[in-house]
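J.: Let me give you the structure first, and then I'll get to my questions.
Derivation of every value follows stated rules applied to the coordinates shown; laboratory data play no part. Being a predicted model, the structure only gives us computed values, none of them experimental. All Cβ positions, glycine included, derive from the backbone under ideal geometry; neighbour counts span all protein chains shown.
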Amino acid sequence: IWAKVLSNIKENITQTSYSTWFLPASIHRIDDELKIVYIQSEKSFNVNILNGRYKKLLEDSVEAVLGSSYRVITKETTEYEKEGESLRSVPEPPAQTRLKNKDLITSGLNKQKLFNPRYTFDNFVVGNSNKYAQTAAMAVAESPSQAYNPLFIYGGSGLGKTHLMHAIGIYLLEHNPDLNVLYVSSEMFTNELIKALGDNKTREFKNKYRKVDVLLIDDIQFLEGKETTQEEFFYTFNTLYDLNKQIVISSDRPPNELVRLEDRLRSRFAWNLIASLSPADYETRVAILMKKAQNNKLEVTDDIYDVICLIAEKITDNIRELEGAFNRIISFSSLMHEKIDRNFAKRILKDIVVNGGDSVTPEKIKTVVSRHYNITVKDMESSTRQQTIAYPRQIAMYLCREMTDYSFEKIGNLFGNRHYSTVMHACEKVQKDMAKDDSLKHDIDQLKAKIEN
Ligand code: ADP
Ligand code: MG
């Protein structure tokens, strides 16, 4: 199976990436019941890359080979070995990989829709930035269909939308295990619909959604420009709404900015409550990391508190990255048997802290590249394929990939919601072109220098 997956992957990325990241990896085991493929690799760095940058590619390739969708989780070989023994000393792996068999919280409706047990209201730290959304979510969880319906939660990436949606689901199931609670990302909804259309099973599809008591649909912006899916969603939405079923929707933007989402769909979102999540303030960021330390049974010494403050100072607008940085420090300290303190943290985070790595943003890249090619940032984010715009766009995508740690998917979102494979293709094209064309390489080096200053 792995060989087939590999050959699929090979077609999609450069030879170097392929041999660096994928060749040293292999399948540890496949859990057919939970639909998870466990991958192993010797190097922790590779594990991070496979879990981050290439997760989607892995999942797509596995799906292509196995014929149905699996989650792919990569861990270090030694971690699998340790797993059988004590879990105590092992640092907490990222959220996605933390689901353990016994922890799965499933809804009666569909055993495959899982809630991350970590995403509870208890674990959600409340501050000014999220108080309103948290209160609304809590109200919906306590009295579905009665408090706010539909509830629309929006906010930038990594600010807790998915966490809140899972929290609602978990709370509902804890208090009423028989309730049909369904959480789907809009991406899952789309894929499911496409599959149903292909298999002539749209009736089943419709029926399944009709049976839902509470529908939690995440990242609705993903439906932009997908007309058939929107139509089906509209139908589902109306059906459930008419039956007085609770609907919760999340998006990275407020409804009125979902420009490419059909009008009738958009206006529906104005029916009831719209709650936003904004970046957490400093105190909340510290509180989130403290909570995390506590959940990890990590004793917060003065040194660790110092490190927490350092991270909270440096990473300001994305809680996922905030947690990621903290995770990284914990993992590295146990890996290298070093004590966590400010200096250690600075070393680990040097790309963020010392080089001021966070000053390179996709916005900056877009601005510099647009200016250089005499186009506008709007052009870059538009859907036009006109070569004078498309090529600079590809270059900007490539630079985002090179200079930030955004995933292909995230970069795609930033350039007019393009598919991650489009971004992947752009990066490889620019790389190839640079190898052939010295003047292009020179241009790009200059752009890089400009962006860094
Ligand atoms: P989004 O869906 O908005 O992109 P997520 O819900 O996935 O963001 O949140 C990213 C990470 O940050 C998750 O691990 C989540 O648990 C954590 N997180 C976000 N907000 C909070 C909060 N207020 N308290 C604790 N953890 C949070
Ligand atoms: Mg999310």
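J.: Set the Förster radius R0 to 45 Å, insert the Cβ-Cβ distance between K378 and S19 as r into 1/(1 + (r/R0)^6), and round the FRET efficiency to 0.05.
T.: That pair, K378 with S19, gives E of 0.70.
J.: With the cut-off at 1.5 for a/c, could you classify the range 360-452 from its C-alpha gyration tensor as rounded, prolate or oblate?
T.: In terms of gyration-tensor shape, rounded.
J.: Order of Y171, Y80, Y54 from fewest to most other C-beta atoms within 10 Å?
T.: Taking fewest neighbouring Cβ atoms as first place, the list is Y80, Y171, Y54.
J.: Using only alpha-carbon positions, what ratio does the radius of gyration of the range 121-279 give when scaled by 2.2 N^0.38 Å?
T.: 0.99
J.: Also, I was wondering about something else. Mind sorting I1, I27, I217, I13 by how few other Cβ atoms lie within 10 Å of their own Cβ, fewest first?
T.: With the sparsest Cβ surroundings first, the list reads I1, I27, I13, I217.
J.: Tell me the label-point distance for the pair T135, K448, using the 7 Å Cα-to-Cβ offset, in nm and rounded to one decimal.
T.: So the two model labels end up 4.9 nm from each other.
J.: Please give every one of the aspartates and glutamates within straight-line cross-link reach of K450, meaning a C-alpha to C-alpha distance under 17 Å, and leave out same-chain neighbours fewer than 8 residues apart.
T.: K450 reaches D358, E363, E402.
J.: While we're on this one: To the nearest 20 Debye, how big is the dipole of the range 360-452 about its Cα centre, given +1 on the beta carbon of each Lys and Arg and -1 on that of each Asp and Glu?
T.: Here the range 360-452 has a charge dipole of around 200 debye.
J.: Given 4 °C and 1.567 mPa s, how large is the Stokes-Einstein diffusion coefficient of the chain in µm²/s, with Rh as the Kirkwood radius over Cα pairs?
T.: 55 µm²/s
J.: If you don't mind, there's one more thing I want to ask. Note down the magnitude of the dipole of the range 2-90 about its Cα centre, charges +1 on Lys and Arg C-beta and -1 on Asp and Glu C-beta and zero elsewhere, to the nearest 20 debye.
T.: Once rounded to the nearest 20, the dipole reads 260 debye.
J.: A further question on this structure: Which value does Rg/Rh take for the range 238-336 over its C-alpha atoms, Rh per Kirkwood?
T.: 1.19
J.: Could you sort out which of K131/K245; K161/K208; K350/K410; K131/K378; K195/K291; K297/K364 sit more than 29 Å apart by Cα distance in this structure?
T.: K131/K378; K195/K291; K297/K364
J.: With a/c under 1.5 counting as rounded, go ahead and sort the range 2-90 into rounded, prolate or oblate using the C-alpha gyration tensor (a ≥ b ≥ c being the square roots of the eigenvalues; past the cut-off, prolate if a/b is larger than b/c, else oblate).
T.: Oblate shape, in that a/c is at least 1.5 and b/c is the bigger or equal ratio.
J.: If r is the Cβ-Cβ distance from K350 to I1 and R0 is 51 Å, what FRET efficiency results, to the nearest 0.05?
T.: For K350 and I1, the calculated efficiency is 0.85.
J.: Describe numerically, in nm with one decimal, the distance between label points set 7 Å from Cα along Cα→Cβ at Q146 and at R342.
T.: Using points 7 Å along Cα→Cβ, the separation is 5.2 nm.
J.: Return the distance in nm (one decimal) between the two label points of a simple spin-label model at R264 and K201, each offset 7 Å from Cα along Cα→Cβ.
T.: Distance between the two pseudo-spin positions: 2.8 nm.
J.: Pulled fully out, how much extra length does the chain show between N238 and Y80, if you take 0.36 nm times their separation in residues and subtract their Cα-Cα distance?
T.: Length gained between N238 and Y80: 52.2 nm.
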